[in-house]
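Below you'll find the structure, written out as structure tokens, and then a few comments.
The values are calculated or read from the model by the stated rules, or taken from the named source; none is laboratory data. Because the structure is predicted, anything quoted here is derived from the model rather than measured. All Cβ positions, even for glycine, are placed from backbone atoms using ideal geometry, and neighbour counts span all protein chains on display.
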Amino acid sequence: MRTAKFLSVFSPATEEQRKENFENYWEFTQQHGGQLFEDDKDLAKKRARLRYFKDNPVKLRQPLADPDAFYRNYIKMKDDPKSLDRMTLMLTGMYKFARHEWVGIKGAWNVIPDMANSHKVQDKISRVHLAEEFCHWRLFDEMLRTCGLDKIEWVPLDPVKEWIYEQFPKFPGFLMDTPAFVTELMGVTYYCYLHRLFDDLLADEPEVRDRLKELLDEITIDEVAHVGQRRNFIGPIGMKVSKWLVKPFYTLFFNDIPEVGQLFDVKQMIKDGEAFDFNELPDYMIKRSWIPSYCKA
Ligand SMILES: [Fe+2]
Ligand SMILES: [Fe+2]
């Protein structure tokens, strides 16, 4: 048995530790993403990476069997999900997950202070964090294009849901910080399951399988850092609330994306979220990501 390098993400932290970790994360995030292009909601290193992928495209050896099934169900599930093949379910599920993210960040971008008006380190961190999320949305779009789906449109949610997403970042920290943290954790759980599914469904498509993994890794490495960063906003009571929120949050969110329940064991995903401690992540991800000091053994 190897000794665990890391501790639960729900590990306690003092006020002083959290302050130091914000400073440390801010150093990390600036070199990780490179220059912020605020007008484009983009970051220099991320932009270059996406450019590389676009300039060196890979294609499926065998095009998707039934792209119409994707286009029929990607915005809203019209067929019985049980009637769809796993590849289609995986792709429509990815679109839906990314669409939720995209709606959330569009709402937040206009509400939180821009860099010129960010005076606290937490505000600066949040601005770069959102720019990274826009990069994730572009990476997801590239994953779907890699599978030959180049007619996708990014469609807003209905106005009520869009409004709810816009209100969320206006809430005071003590209400907003716990759900924001659990949402990041849910992202990492989903990405880890998705990564394994690529091996499962794309065994005969090694080029596309490896490319999708590379694209997803770019996202997951950021999200692992976001998990620690968002955890760092939270004090002792909030940490108890967060752990308690994992189950209802995962359940609610994944209920809205029926593909997830078809492809994955949501009960196990919840357990993985509650037990999350960074130890299952591969070393190459850990090296490029960020973990709070108080989660290191
Ligand atoms: Fe993200
Ligand atoms: Fe994130």
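Of note:
- Single residue of segment 246-271 satisfying the filter (crowded, with 18+ Cβ neighbours inside 10 Å and not hydrophobic (A, V, I, L, M, F, W, C)) that is modelled with the lowest pLDDT: Pro258
- Here is the figure for segment 208-234: residues that are farther than 30 Å from Asp55 by Cβ and within 11 Å of ligand 1 (Cβ to nearest atom) total 1.
- Qualifying residue in segment 279-293 (condition: touching a strand residue (DSSP E or B) at 6+ places or on another chain (Cβ under 7 Å), at positive phi and of a type outside the set (Asp, Glu)): no
- Taking each residue of segment 92-116 that is more than 12 Å from ligand 1 (Cβ to nearest atom) and looking for partners that are polar (S, T, N, Q) with beta-carbon atoms closer than 7 Å, six or more apart or interchain, yields Thr92/Asn73; Ile112/Ser126.
- Qualifying residue in segment 174-188 (condition: within 13 Å of ligand 1 (Cβ to nearest atom), touching a Gly at 6+ places or on another chain (Cβ under 7 Å), within 17 Å of Glu280 (Cα to Cα) and not basic (Lys, Arg)): yes
- Where helices (runs of 4 or more DSSP H) fall wholly inside segment 152-265, the ranges with 3 or more residues that are among the aliphatic types (A, V, I, L, M) are 173-201, 206-231, 236-255.
- Filter result for Glu259 (within 14 Å of Val188 (Cα to Cα) and either within 16 Å of ligand 1 (Cβ to nearest atom) or not small (Gly, Ala, Ser) (or both)): no
- Residue within segment 283-295 that is farther than 21 Å from Gln31 by Cβ, surrounded by 16 or more Cβ atoms within 10 Å (Cβ to Cβ), modelled with pLDDT of 95 or more and not β-branched (Val, Ile, Thr) present: yes
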